[in-house]
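Working notes for the structure below.
The values are calculated or read from the model by the stated rules, or taken from the named source; none is laboratory data. This structure is a prediction, so every number in the text was calculated from the model and none was measured. Note that we place each Cβ from the backbone using ideal geometry, even for glycine, and neighbour counts take in every protein chain shown. Side chains are part of the model used for accessible areas, which takes the heavy atoms of the whole protein and leaves out ligands, DNA and RNA. Shrake-Rupley method; radii C 1.70, N 1.55, O 1.52, S 1.80 Å.
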Amino acid sequence: MFYDLNIPVTPSSGSTPSALDQLETRKRVELLAHLGYQAVAYNNEITGKMPQNHVNPITKLALPGINLKQYSRLTLVVDDISQNYGLNTNNPSIASYDILAVNPTNEKLFQAACGTFEVDIISLDMSARLPFYLKHSTVGLAVERGIYFELCYGAAIRDATARRNLISNAQSLIRVTRGKNIIISSQAMRAMELRGPYDIVNFGTLLGLNQAVAKDCLSSHCRAVAMHAETRRNTNRAVMSVAPVASLAETEQWKLGGGTPGGKRKNDNKGTASNKKAKELQSEPVK
Amino acid sequence: MVRFKNRYLLFEIVYADTPLGWTSIPASTSLALPNATQPGEAADQSPFGDTGRNNYRLPPLANKDLLFALKDSIAENFGDYGAGLTQRPLTLKYFSPHTNVGIFRISREEMHIVWGALTFINQLKGRPCIIKVIHTSGTIKKCQLTTIKYDRDRIMFLRNQAQLLKDSQAYTQLGLAYKESADEVNSLEI
């Protein structure tokens, strides 16, 4: 299963995307499905501090007949170390996005992002020269915490200078991470900047990744990001998640214990060892 | 004596206006055939300039255009060294302008270079496009089989579309196109 975790949908003007923006998004998403991707994240990019009462402008498309998972993603471009960006799940405007990424623009913030920020992706602008040097000690912190680094190929398709920078930056990133914790995504502004997943895997091998790792960068690593985001948002101390009883499907109702009155009587009458065990199992989730 | 080994790349060209198989097609999108434009179709008002939607009447892409586009891309991205390495076995074995599917023969060792160059092609004769590699194999036989299967799915889809639009001319044309392309693929020398 292939993921593209960066389809920019930042509204060109105002706070909600216009009809043209939506048409362009639709084109990109349909093309992604055609190329063989099965999951997509719409990316809204915000520079600086989140405005108060920010509303998530991303609407997930209705795509009948297409099997495509859709996520919403926020990329916060952070540039001031003294500012409190409120990057935690208690912040309702941040909690309204599925995936959270930061784009640190200086070395101090990059260190903070790798070491302490509660995010899923660190996204550096690889199409320009990086303003700082990637160090193994800093990057290692992020790798240890399960945060992924993003490489975007969209700009490289657009122009040759960006391509050069991407290749050079990707090489240094691959060197310091030793090929771990990298995801590749498109950041394609238009449909024609997308590429097929296997084409990108091949591009990854040109960058110096091993073929299997390059494939993971588009599939299992992206899945790990989605899972990391899920854990960050919906769990208590990353151990336990709580869901309302009403969300149980018909076939899972047995987890509530008790069962139907008829079934209960049957159990009581027989009382065999296996039934007792079943009853124990039934009552367990209620505790 | 070890024989020289090749790779065959089966690729597809996707244009901005290519109907995307099984995805939901907006009603205004017409068939990809050069002459099947619906009259009175609204011009594409994309804010990003010409997306190639209005260029139906361009002559179909010739084989040499494709080969030159690839060679240029190799020269641009991998320089003279890359061009030299990949030059000898590089040929376009087959290309169908109906289905936009074709087969390149390339040398096995330099496969990644040629494939990378294909990835970085973003327009053909001024028309924005994506080149997507569908299949790679060591013998042309497997590529032929995959091409025929792919062509069939594609043409069947277009035929169903034509049937829905009650365009009987396009329907029969497509039937012939399928037979032609299958014959053509089969007649490739192995």
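Details
- Rolling a 1.4 Å probe over the heavy atoms of the protein chains gives the stretch A:152-217 an accessible area of 36 Å² per residue.
- Dipole of the stretch B:103-190 [Lys/Arg +1, Asp/Glu -1 at C-beta], most positive-end residue of B:117, B:162, B:176: B:162
- 1.4 Å probe, heavy atoms, protein only - residues of the stretch A:169-215 losing at least 50 Å² accessible area vs chain alone: A:190, A:192, A:195, A:199, A:202, A:206
- Residues residue A:53 and residue A:242, FRET efficiency given R0 of 30 Å [Cβ-Cβ distance, rounded to 0.05]: 0.65
- Assigned charges on the beta-carbon of Lys, Arg, Asp, Glu; the stretch A:1-153 dipole about Cα centre (debye): 140
- Accessible surface, the stretch B:66-173, averaged per residue in Å² (probe 1.4 Å): 47
- Packing rank of A:217-223, A:142-148, where each peptide gets the mean count of other beta carbons within 10 Å, highest leading: A:217-223, A:142-148
- Non-local Lys pairs in the stretch A:1-115, i.e. 8 or more apart or on different chains, that have alpha carbons under 19 Å apart: 4
- Carbon-plus-sulfur accessible fraction, the stretch B:65-138 (probe radius 1.4 Å, protein heavy atoms only): 48%.
- Cα shape, the stretch B:94-190, gyration tensor, a/c 1.5 rule: oblate
- Extension gain, residue A:160 back to residue A:26 (0.36 nm per residue minus Cα-Cα distance, nm): 45.5 nm
- Taking other residues whose beta carbon is less than 15 angstrom from the beta carbon of residue B:131, and scoring Lys, Arg as +1 and Asp, Glu as -1, yields -1.
- Expressed per residue, the C-alpha convex hull volume of the stretch A:27-109 stands at 113 Å³.
- Summed over both chains, the contact between B and A buries some 2700 Å² of accessible surface at a probe radius of 1.4 Å.
- Amide H within-cut-off set for residue B:7, under 5 Å, with H built and near neighbours excluded: B:106, B:107, B:108
- The stretch A:164-213: Cα Rg divided by the 2.2 N^0.38 Å rule of thumb: 1.16
- Extension gain for the segment residue A:137 to residue A:108, taken as residue separation times 0.36 nm less the Cα-Cα distance, is 9.1 nm to one decimal.
- With all pairs of separate Cα atoms included, chain A yields a Kirkwood hydrodynamic radius of 21.0 Å.
- Simple Cβ-charge dipole of chain A, Lys/Arg +1 and Asp/Glu -1, about Cα centre, in debye nearest 20: 960
- For the stretch A:28-81, a simple Cβ point-charge model (Lys and Arg +1, Asp and Glu -1, everything else neutral) yields a dipole of about 220 debye relative to the Cα centre.
- Positive-end ranking of A:70, A:56, A:137 along the dipole of the stretch A:16-145, with charges on Cβ about the Cα centre, is headed by A:70.
- At 1.306 mPa s and 10 °C, Stokes diffusion of the stretch B:140-189 via Kirkwood alpha-carbon radius, µm² per second: 141
- Contact order normalised by residue count of the stretch B:62-144, Cα under 8 Å, 6+ apart, percent: 26
- Relative contact order for the stretch A:160-213, counting Cα pairs under 8 Å that sit 6 or more residues apart, in percent: 34
- Heavy-atom accessible area, 1.4 Å probe, ligands and nucleic acids excluded: residues of the stretch B:83-129 down by at least 40 Å² from chain alone: B:112, B:115, B:119, B:120, B:122
- Surface composition of chain A: carbon and sulfur make up 53 percent of the accessible area, probe 1.4 Å.
- Across the stretch A:1-159, Cα pairs under 8 Å and at least six residues apart give a relative contact order of 17 percent.
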